[in-house]
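Some notes on the structure that comes next.
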Amino acid sequence: EDKPKAIEILKEAAKDGVISIKEIARAIDEIRTKFGDPKLAELNKKLNEDLDKLKADTLDKLSELQQDFNNQQVDDAIGLGRDLADLNQDIADKREDLELGHTRKLEDIETDYQRDIRRIEDRFSRSRLKAIIDRDARALFEAEAGRAKDLKEAADDRDQKRDDEARDYQERLDDLAKWEERKRRDIQEAFDRERQDAKRAYDLRRQDIQD
């Protein structure tokens, strides 16, 4: 024998996860019309069983939804940690590159300075030798004075270049720090958006299940 129409009504109503009072009343009216009161107790029992099953299914769906949400939260946290770790490594690499570049520039400045000293000393040695050979005291004095002046200018030039490089290096470090701050903020904001989107989706799905 086919299932009673009342049961079919309830099955159809249960497809959307909720059975309204009107649908239950409609089912009971159908029972009374078709079977009369003697059949009501039996069919009410079946109705209660179906409702219990629906309740159990709802609880299972809510539990599964909560587990999925928790897993997503864990995955998001792991992703955040990975993004921050990648950023830390990137920052460390960039800072190391800046330090190496700074060191090379200081070495180049010192190399240029030593080259200038050798050139000054060579020029002085030739002028001094010529002054001695010519027995020219004035020329010797001028050579020594010129040497002292050139050495001071070379030292001043080196110091100025060092100061300029120190200032440029600090500016590059400051720029890196600002870039790092922006990247950390971007990563955190992206993480927060994902969390908010996941929570909204979770709340909507939970409401759908409970309705």
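The values are calculated or read from the model by the stated rules, or taken from the named source; none is laboratory data. None of these values were measured; they are calculated from a predicted model. For neighbour counting, all protein chains shown are included, and Cβ atoms are generated from backbone atoms with ideal geometry for every residue, glycine included. The protein model used for the area step is the full one, side chains on, heavy atoms only, and it has no ligands, DNA or RNA in it. Shrake-Rupley method; radii C 1.70, N 1.55, O 1.52, S 1.80 Å.
Given a cut-off of 19 Å, name the pairs among LYS55/LYS199; LYS61/LYS199; LYS94/LYS178 whose C-alpha atoms lie farther apart than that in the structure shown.
On the way: LYS55/LYS199 24 Å; LYS61/LYS199 17 Å; LYS94/LYS178 13 Å.
In this structure, LYS55/LYS199 lie more than 19 Å apart at Cα.
In nm, what is the difference between 0.36 nm times the number of residues separating ASP136 and GLU153 and their Cα-Cα distance? Could you put the intermediate results ahead of the total?
Details: separation 17, 0.36 × 17 = 6.12 nm, distance 2.58 nm.
Gain in length upon complete extension: 3.5 nm.
In whole percent, how big is the carbon plus sulfur part of the accessible area of the range 54-154, probe 1.4 Å, protein atoms only? Let's see the in-between values first.
Values: 3680 of 7260 Å².
Accessible surface attributable to carbon and sulfur in the range 54-154 totals 51 percent.
Using a probe radius of 1.4 Å on heavy atoms only, what accessible surface per residue do you get for the range 124-211? Whole Å² is fine.
Per residue, the range 124-211 has 76 Å² of solvent-accessible surface.
Need one number: nm distance between label points at ARG184 and ALA198, each 7 Å from Cα along Cα→Cβ, rounded to one decimal.
Reported label-point gap for ARG184 and ALA198 is 2.2 nm.
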